[in-house]
1. Could you pull out every residue, at least 5 positions away or on a different chain, whose amide H is within less than 5 Å of the one on His314? Hs are placed 1.01 Å off N in the peptide plane, and Pro or chain starts have none.
2. About its Cα centre, what dipole magnitude does segment 133-194 give when the only charges are +1 on Lys and Arg Cβ and -1 on Asp and Glu Cβ, stated in debye to the nearest 20?
3. What does the net charge come to around Trp160 if you take all other residues with beta carbon closer than 15 Å to its beta carbon, with K and R at +1 and D and E at -1?
4. Note down the net charge around Lys67, summing +1 for each Lys or Arg and -1 for each Asp or Glu among other residues with Cβ under 12 Å from its Cβ.
5. Quick one: which of Lys210/Lys280; Lys89/Lys137; Lys235/Lys320; Lys89/Lys161; Lys184/Lys235 span more than 24 angstrom between C-alpha atoms?
6. Going by the alpha-carbon gyration tensor, a ≥ b ≥ c the square roots of its eigenvalues, is segment 158-242 rounded (a/c under 1.5) or, if a/c is not under 1.5, prolate (a/b greater than b/c) versus oblate?
7. For a protection proxy built on the mean count of beta-carbon atoms within 10 angstrom, sort 132-138, 254-260, 241-247 highest first, please.
8. Once you have a ≥ b ≥ c as the square roots of the Cα gyration tensor eigenvalues for segment 133-194, tell me rounded if a/c is under 1.5, and otherwise prolate or oblate according to whether a/b is larger than b/c.
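Taken together, the values in this text are just the output of simple stated rules run on the coordinates, not laboratory data. Predicted model, so just to flag it, every value in this text is computed and none were measured. A quick note on method: Cβ atoms are made from the backbone with ideal geometry, for glycine too, and the neighbour counts reach across all protein chains shown.
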Amino acid sequence: MTNQLLPEKPLVVSPSLAATIGLEEACLLAILGEAASYLGHGLHLQQSQLQKLTPFWTDYDIQRISKSLHDQGIIKLESAPYVASRELKLSFATGVIQADAETPKEQTTTQAVQVPASLSAANLIADNWQPDEELVKQLMQLGVSRDFVWEQLPGFIYYWKDRREVRHSWGSTFRDHVIHEWRKYEEDRFRKDQESPMYTGWRPSEDAMKILLDGARISTTFIEDSIPEFIIYWKERGETGRTWNSKFIQHVKRQWVRFKSSIEQDSMPRFLPEAWQPSKDVFDVLRLANIDMTFAEKLLPEFILFWRDSKQVHSSWNTKFLQHVKYVWAKQHSINLFNPQQVNQHAGQSTSNQKSRTKDHDLAEQIFDRSWAS
């Protein structure tokens, strides 16, 4: 066999074949038929070989024309789209290639290329068209259920009758349609299997907690306080999802930015003024937490009364009020605010921490104490 796959020779195309399947399709079919005389009916051509055979076409042309031959049922493509795979693996439909059994492959006699009688004319789809049993079995071998195949038939016929387009092989078109619909069905089923609704006992995963604690350096108690409001919001929306952890991470990060701003602006220990009002940052955080502003405003008189009677000083009354609102909001919606491991350890303070001096505590941890509200 020579280095060149096919000798340079004129390309002969039958006018009647070109009129039936298209000029470009007839040219490519003639080239493939010539290649089959060397390599056999199960062709597997690489990009370098096809570039020598068809220097007048681009890769996109080869992909488009070979797909047209496939759609007409003349060849069966067994490789991925040519532009991506850079190869053309195919076989011919029965009766397309007629080879002389006594002609050795070393000879350059071109095999006869013809279109089967069943493909000699393009037709509109018939009202009573049905796939043959062989096609149904082929689809079942690909994992498609028989019931699914027949369920696609009415819609398929209606679609193509409405378009009034002709095809040389409705069987090939139907096969591609069923495979496409089956893949969509499988993807939808997989997605639904993975999705779940939000529920009362939901908690972020260990990976999500690690991202917030170690990566974003957010207080444990702040994260815990954000869980109930997150659950309430998504339960009321009644949606299902697969990315609850990702949504929770974004939810907490947005609030934390505003929260840190309120700490920086309100860090001097002092008694609570009689006419005290939360800063705008507090309401921004509550809004991000999807907590009703009217609900928060109703809690303000009770909050002021309690802390003025207690005669205590704190570094951030904004944060105290924010945590109080979140706590009551969760309690009102019957959602446990605390991680079971933290019930006896508010704000992450252990016995040893309580013995430490106040100035050694992180400000964010100090102001999270909410034991008074329970």
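1. Arg270
2. On the way: 12 positive and 12 negative charges, 32 e Å.
Computed about the Cα centre, the dipole is about 160 debye.
3. On the way: positive: Lys161, Arg163, Arg164, Arg167, Arg175; negative: Asp71, Asp127, Asp162, Glu165, Asp176, Glu181.
Result for the neighbourhood of Trp160: -1.
4. Numbers: positive: Arg64, Lys76; negative: Glu24, Glu25, Asp61, Asp71, Asp176.
Summing Lys and Arg as +1 and Asp and Glu as -1 gives -3.
5. Too far apart for the 24 Å limit: Lys210/Lys280; Lys235/Lys320; Lys89/Lys161; Lys184/Lys235.
6. In terms of gyration-tensor shape, prolate.
7. Values: 132-138: 12.4, 254-260: 18.9, 241-247: 15.4.
Ranked by mean Cβ neighbours within 10 Å, highest first: 254-260, 241-247, 132-138.
8. Values: a/c = 2.51, a/b = 1.53, b/c = 1.64.
Because a/c hits 1.5 or more and a/b fails to exceed b/c, segment 133-194 counts as oblate.
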